[in-house]
Amino acid sequence: MTKIDDCTLVLFGASGNLSRIKLIPGLFRLDSLGRLPEKMKILSVGRSDVKESAWRDDIKSMLDIKFKKNYDAKVFDRFIARNFYHANPPDDENAFKRLSERLSDASTFPQNLAFFLSVRPSDFASIVDLLASVGLTDETKAWRRVVIEKPFGTNLETAQALQKSITKHLKETQIYRIDHYLGKSALQNILLTRFANHIFDPLWTHEHIDHIQITNNETLGVGERTQFYDATGALRDMIQSHLMQMLALTTMEMPETLSPENIRAEKIKVLESITPIPLSELKKHTFKAQYGRGKINGEEVKGYLEELGSPTSVVETYAALKFYINTPRWKGVPIYVRTAKRLHASDTAIAIKFKKAPLSLPVQADNWLVISIQPKEFTRFEIQTKIPGLDTKVRTVAMDAPNRITGDESVDAYESLLLNLMQGDQSLYLHINEVEASWRLLDPVIKAWNEDKSPVFTYPAGSADPAESKIIFDKPEQFWRQSIEIGENKL
């Protein structure tokens, strides 16, 4: 267990949903597991003038809702004693000076400071400026770290502008760009599945793999996020961050060690080795669509344009892209990345299809390795075996391995990432080079899609992948891998 320095977590946006639902309950869980430093403190910063006692009462209500009042009273008392509140009204010119003065009380607040900016992305740079103006980013006597949530810009230009602004005050080692997907245990399992099992490495090449699919599909629609989503789209919302990280973990070379520096270095290398999509062949490499009216679990639901209240939007709720990695390992292997709202099933998975066996048989099925991230954490390997009898026939046999078994510790992604923050472990946080590499690949596609005002293909809510999306496949026999069945449960 890595030793963690005593520290103070300063939580901006403390009254927001992320803090209430994930961060504060997550910190409580870490405390209950004995993972927080003994003297660690949490200073919640909000716009409203709230008494500390009232804030602590509010924390109790958050925990009551999250844990249904089922928690240890001693742990609760210890956790509540860690929590403080600081009002930072937007109209107070001296707000950050007062914050600095309060944090300078070393008898209460350990001087190693981590600032979690659970605020609007447009506020990241200005808050870092203000923290620096009162000396709170200075590491002369103690470490200082700043967490920012995605999106990291809305394109390459804005990502670089944000980077330029915050690096006036922060070194790259102080910046923690959080993508909660990387905190998921099943996603971290990709690396260990690959590198802890020597049987896979010789197979993990273009000589044996036909193609790879990186998938995130949901039955949910955009809900109340219509305006945000129409300014963002599926490509920016999911692929630029979450799915490109899944791609990197699946295809990166083995790092020298599992140190944060070595893991990030290999992810950067593989992302920078992806061949840009040729705009002259955009329709062979990309496909976009919107969901229309349909049924989800038997219930009639509106189409995207109806929810938005605009008949002219060409923003995609379904996006599929084809990439190639320009390295000896992945020569000629297509990697298909797709994400969608309002499909017939929800799943996040990596599906690897192996090439046909050299032995010619009357009927020959496919070999697949499927790593399911959600709704269940599962690994399936499909092979062909002989059907008992006089004839030479084969059938697919699935070897299923749950990644989580009874008694395993259940850890939320944010709990894992908060612990890494306090440990100073950046392996599950994004480096600026990863962010820039993703934007360089996707910016031209986003621009071309935005400029194309022709009507977008529509698929009924609750349907499978549009048949038209197969245009990006290299071979006619390739198809979208759907959910896998484990007993009566779909993965």
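The values are calculated or read from the model by the stated rules, or taken from the named source; none is laboratory data. Predicted, not measured: the structure shown is a model, and the values here were computed from it. All Cβ positions, even for glycine, are placed from backbone atoms using ideal geometry, and neighbour counts span all protein chains on display. Surface accessibility is based on the protein's heavy atoms, side chains included, excluding ligands, DNA and RNA. Shrake-Rupley method; radii C 1.70, N 1.55, O 1.52, S 1.80 Å.
Scanning for something in contact with an Asp or Glu (Cβ under 9 Å, 6 or more places away or on another chain), modelled with pLDDT of 95 or more and either open to solvent by less than 10 Å² (accessible area, probe 1.4 Å) or over 27 Å from Lys376 (Cα atoms) (or both), does region 175-183 turn up at least one residue? Yes: region 175-183 contains one or more residues that are in contact with an Asp or Glu (Cβ under 9 Å, 6 or more places away or on another chain), modelled with pLDDT of 95 or more and either open to solvent by less than 10 Å² (accessible area, probe 1.4 Å) or over 27 Å from Lys376 (Cα atoms) (or both). Among the helices (runs of 4 or more DSSP H) confined to region 247-330, the ones with at least 1 residues that are within 23 Å of the chain's Cα centre (by Cα) and under 30 Å from Asn420 (Cα atoms) are located at 260-272.
In the condition set (1) closer than 20 Å to Asp179 by Cβ; (2) open to solvent by less than 70 Å² (accessible area, probe 1.4 Å); (3) modelled with pLDDT under 95, Gly298 is compliant with all but (1).
Just one residue in the set Thr275, Thr286 is out of contact with any strand residue (DSSP E or B) (no Cβ under 6 Å at 6 or more places or on another chain) and either more than 16 Å from Ala159 (Cβ to Cβ) or open to solvent by less than 10 Å² (accessible area, probe 1.4 Å) (or both); that residue is Thr275. Residue pairs whose Cβ atoms lie under 7 Å apart, sitting 6 or more positions apart in sequence or on different chains, and linking a residue in region 452-464 that is within 18 Å of Glu306 (Cα to Cα) to a partner that is exposed (fewer than 15 other Cβ atoms within 10 Å of the Cβ), are Phe457/Glu468; Ala461/Lys295; Gly462/Lys295.
Search region 89-127 for residues being over 24 Å from Gln423 (Cβ atoms) and open to solvent by less than 20 Å² (accessible area, probe 1.4 Å), and hand back the single one that is modelled with the lowest pLDDT. Filtering first and then ranking leaves Ala95. Total residues in region 202-224 satisfying the condition of being under 25 Å from the mean Cα position of the chain (by Cα) and either within 18 Å of Thr257 (Cβ to Cβ) or part of a loop (DSSP other than H, G, I, E, B) (or both): the figure is 8. Where strands (runs of 3 or more DSSP E) fall entirely within region 355-461, those with at least 1 residues that are modelled with pLDDT under 90, among the hydroxyl-bearing types (Ser, Thr, Tyr) and surrounded by fewer than 20 Cβ atoms within 10 Å (Cβ to Cβ) are at 378-386, 394-402.
Taking first residues from region 90-102 that are among the small types (Gly, Ala, Ser) and partners that are part of a loop (DSSP other than H, G, I, E, B) and open to solvent by less than 30 Å² (accessible area, probe 1.4 Å), the Cβ contacts under 7 Å between residues at least 6 apart in sequence or on separate chains come to Ala95/Asn88; Ser100/Leu136.
Taking the listed residues Gln213, Gln188, the one that is surrounded by fewer than 19 Cβ atoms within 10 Å (Cβ to Cβ) and on the phi < 0 side of the Ramachandran plot is Gln188, with no other qualifying.
Starting from residues that are more than 18 Å from Arg338 (Cβ to Cβ) and charged (D, E, K, R), keep the ones in region 193-210 and report whichever is least open to solvent (accessible area, probe 1.4 Å). Result: Arg194.
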